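To start, the structure itself, in structure tokens.
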Amino acid sequence: MRLDRFLSHQLGKSRKQVTRALKEKRVILDSKVITNGAVKLLPEQKVLFDQKLLKYPITGRYFMLNKPKGYLCATRDPHHPVVNDFFDETVSSELHAAGRLDIDATGLVLMTDDGQWSHRLTSPKYHCKKTYWVTLASPISHDPTQNFLDGLRLKNEKTLTRPAQLKIVTPQSMELTITEGRYHQVKRMFAAIGHHVTELHRMQIGSIKLDEALMPGQYRLLTKQEINSIISFERMDQRSRCL
């Protein structure tokens, strides 16, 4: 395995961040400072980042969790329970959420110890689709589908949101698919058309759908097909999309 890929996996950093860290001489391989990310690693070699020994080899773990309300997508928090609390102590400290949900939101959260894999889900370069079930406080009086497709201007932001697909099921319930991850984006998009979101449930990320058999707080391992569906998609500037 290349050194830069190993560092990206272990640290949850993008390749660009890893390249910068290498140039800053923060990486030591077998007592020698290394600045070239293309160096090939051997299992018996020791890698230090900021004087901290990194584990080798990598054994990627990938889960889907049905997140209930009241839990933060964080590894730890002094005031609230976190999604890592659902996992066994032997793995929980090494997992992170690949894409967060608000504390009052529910549904699909992907958990992994593979930083590069989660980067493909969260980086703006990939525009990975995420689908939500949205419940509003009051019924909509007009069809805002075209507004979402054209892009909305969120409060205190200069650029419009990327085209989003809205499917109205009832005047107060709908499905929304977005390809961004702005701060509280779904709630702010509906606020932009004068509506308040009371319930937000994530149903799908990329091609990975929340397993209907999972009760809130339950999780399962991802299948190889689900894992590879994220590995296989390319950056949007290479004319592909996370589907």
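The values are calculated or read from the model by the stated rules, or taken from the named source; none is laboratory data. Note that the coordinates shown come from a computational prediction; the quantities given were computed from them, not determined experimentally. A quick note on method: Cβ atoms are made from the backbone with ideal geometry, for glycine too, and the neighbour counts reach across all protein chains shown. Calculation scope for accessible area: heavy atoms of the full protein, side chains included, ligands and nucleic acids excluded. Shrake-Rupley method; radii C 1.70, N 1.55, O 1.52, S 1.80 Å.
Give me the aspartates and glutamates in straight-line cross-link reach of residue 158: C-alpha distance below 20 Å, same-chain residues under 8 apart excluded. Partners within reach: 150, 180. Residue by residue, the range 214-222 carries 3J(HN,Hα) couplings of 7, 7, x, x, 8, 9, 8, 5, 6 Hz when phi is fed to the Karplus relation 6.51 cos²θ - 1.76 cosθ + 1.60 (θ = phi - 60°); x denotes Gly or Pro.
The residues neighbouring residue 192, those whose beta-carbon lies less than 15 Å from its own, together hold a net charge of +4 under the Lys/Arg +1, Asp/Glu -1 convention. The residues of the range 3-53 have, on average, 63 Å² of accessible surface per residue, using a 1.4 Å probe with all protein chains present. Distances between placed amide hydrogens fall under 5 Å for residue 98 paired with 110, 111, 112, all partners being 5 or more residues away or on another chain.
Per residue of the chain, what 222 nm ellipticity follows from adding -39500 (n - 2.57) for every DSSP H run with n ≥ 4, rounded to the nearest 500?
That calculation yields -5500 deg cm²/dmol at 222 nm.
Amide H contacts of residue 62 (H built 1.01 Å from N, in plane; Pro and chain starts excluded): 222 sit under 5 Å, all sequence-distant by 5 or more or on other chains.
For the range 62-221, what does the accessible surface come to per residue with a 1.4 Å probe? Please give it in Å². The partial results should precede the final answer.
Working: 8000 Å² over 160 residues.
Roughly 50 Å² per residue, with all protein chains present.
First select every other residue whose beta carbon is under 12 angstrom from the beta carbon of residue 48; then total the charges, Lys and Arg +1, Asp and Glu -1. Here the charged neighbours net out to +4. For the chain, the alpha-carbon coordinates run over 67, 38, 35 Å along the three principal axes, in decreasing order. All other residues whose Cβ lies under 14 angstrom from that of residue 32 are scored, Lys and Arg at +1 and Asp and Glu at -1, for a net of +2. Using a probe of 1.4 angstrom, how much of the accessible area of the chain is carbon and sulfur, in percent? On the chain, the fraction of accessible area on carbon and sulfur atoms equals 50 percent.
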